[in-house]
1. Between Thr57 and Phe91, how high is the FRET efficiency from 1/(1 + (r/R0)^6) when r is the Cβ-Cβ distance and R₀ = 30 Å? Nearest 0.05.
2. Measuring from label point to label point, each 7 Å out along Cα→Cβ, what is the Glu239 to Arg111 span in nm?
3. If R₀ is 35 angstrom, what is the calculated FRET efficiency for the pair Phe246 and Leu132, using the beta carbon separation as r and rounding to 0.05?
4. Rounded, prolate or oblate: which one fits region 24-111, using the alpha carbon gyration tensor with axes a ≥ b ≥ c (rounded when a/c is under 1.5, else prolate when a/b beats b/c, else oblate)?
5. Highest mean first, what order results for 29-42, 276-289 on Cβ atoms within 10 Å?
6. How far is it, in nm, from the label point at Gln291 to the one at Met48 when both lie 7 Å from their Cα along the line to the Cβ?
7. Rounded, prolate or oblate for region 1-63? Axes are the square roots of the Cα gyration tensor eigenvalues, ordered a ≥ b ≥ c, and the cut-off for rounded is a/c under 1.5.
Amino acid sequence: MPIRSMTGFAQVKGQLNGLTFNLSLKSLNHRFLDLHFHLPPNTDALEMAMRRRVKETIARGHLDVNLAFDSAAAPSLVLNRQLVIAYVEAFRAAAVEAGIGAEPDLNTVLRLPGALDQGVEARGEELTSAVLPRLEQAVQELNRAREEEGKAMEHQLRQLMGELLAACAGVRRHREAVVKSYSSRVKQRIEEWLGSSTDPERILQEAALLADRSDVQEELVRLENHARHFLDLLDRTAEVGKKLDFLLQEMNREANTLLSKTSGLAGEALEITEAGLAIKAHVEQAREQVQNIE
């Protein structure tokens with residue numbers, strides 16, 4: 001399965017006994033699969049069938065499913081007698097209880113949702129048989145649109161990872177000079193301590209701490225491994241959006257550590273700082289894209 005954006009739109013038309021209906025799908029990014037159906041009244045069985053079909057082909061995103069019949073082309077309207085009678089009886093019972101003389105307004109009653117429709121709820125299996133094939137067509141069109149957008153996103157993500165790896169290579173070029181700078185600092189501090197009454201054990205602890213802060217090798221290795229794993233995930237045929245987002249969080253953490261290790265140093269360490277900032281910028285740009293990947 002190609003990389004898919006979670007944003008897309010598709011619309012199809014269908015016919016049922018001479019009555020035209022429009023089926024539209026609109027998807028937006030979301031952490032999970034969030035389905036919202038907007039269907040004619042009394043079509044619960046149809047909604048359940050549509051929900052099952054959608055879950056088979058869409059893994060993640062906020063999806064609005066709208067089904068509407070063309071009222072202008074409707075041959076006639078059907079009165080929902082059960083709903084209208086229930087409303088009238090409830091109105092009269094409330095009037096008696098309140099001790100007032102009043103009758104419901106028919107115009108108001110007929111404006112109730114579902115009071116007048118094209119009788120689609122009475123068709124049951126016939127309605128489901130007409131709509132489901134159009135749903136599959138709409139889902140295919142939606143996924144094609146999302147895959148087209150996904151191609152552009154994948155291209156940009158690969159470019160960002162290439163630039164990130166190039167920045168890591170830049171850090172490596174300046175790493176040796178930075179290590180030497182830290183070594184000089186450690187040497188200077190030890191010479192100061194040896195000329196004082198400082199505890200030798202404390203000297204060893206401080207030296208070990210400075211040595212640990214003197215090298216960004218581990219951060220570089222992890223950043224490069226994460227970037228290669230990121231590119232590998234882009235080649236896979238599965239839902240990868242959440243995994244890519246997790247990797248970018250890890251990469252951002254490594255970039256922050258790299259920057260903290262070179263803070264306060266001059267010379268070539270400034271080059272590493274600039275490269276670290278570039279890495280963070282690439283990670284943030286990638287995260288903006290990944291937030292919309294299925």
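Each value in this text was obtained by applying a stated rule to the coordinates, not by laboratory testing. The structure presented is a predicted model; accordingly, all values stated were derived computationally and were not measured. Counting neighbours? That spans all protein chains shown, and the Cβs are built from the backbone with ideal geometry, glycine included.
1. Between Thr57 and Phe91 the formula returns 0.05.
2. Reported label-point gap for Glu239 and Arg111 is 4.3 nm.
3. Values: r = 36 Å, r/R0 = 1.03.
My answer for the efficiency is 0.45.
4. Values: a/c = 3.39, a/b = 2.25, b/c = 1.51.
It comes out prolate by the Cα gyration axes.
5. Numbers: 29-42: 14.2, 276-289: 19.5.
My ranking of the peptides, most packed first, is 276-289, 29-42.
6. In this crude spin-label approximation the distance works out to 3.8 nm.
7. Numbers: a/c = 2.30, a/b = 1.69, b/c = 1.36.
Prolate is the answer for region 1-63, as a/c is 1.5 or above and a/b outweighs b/c.
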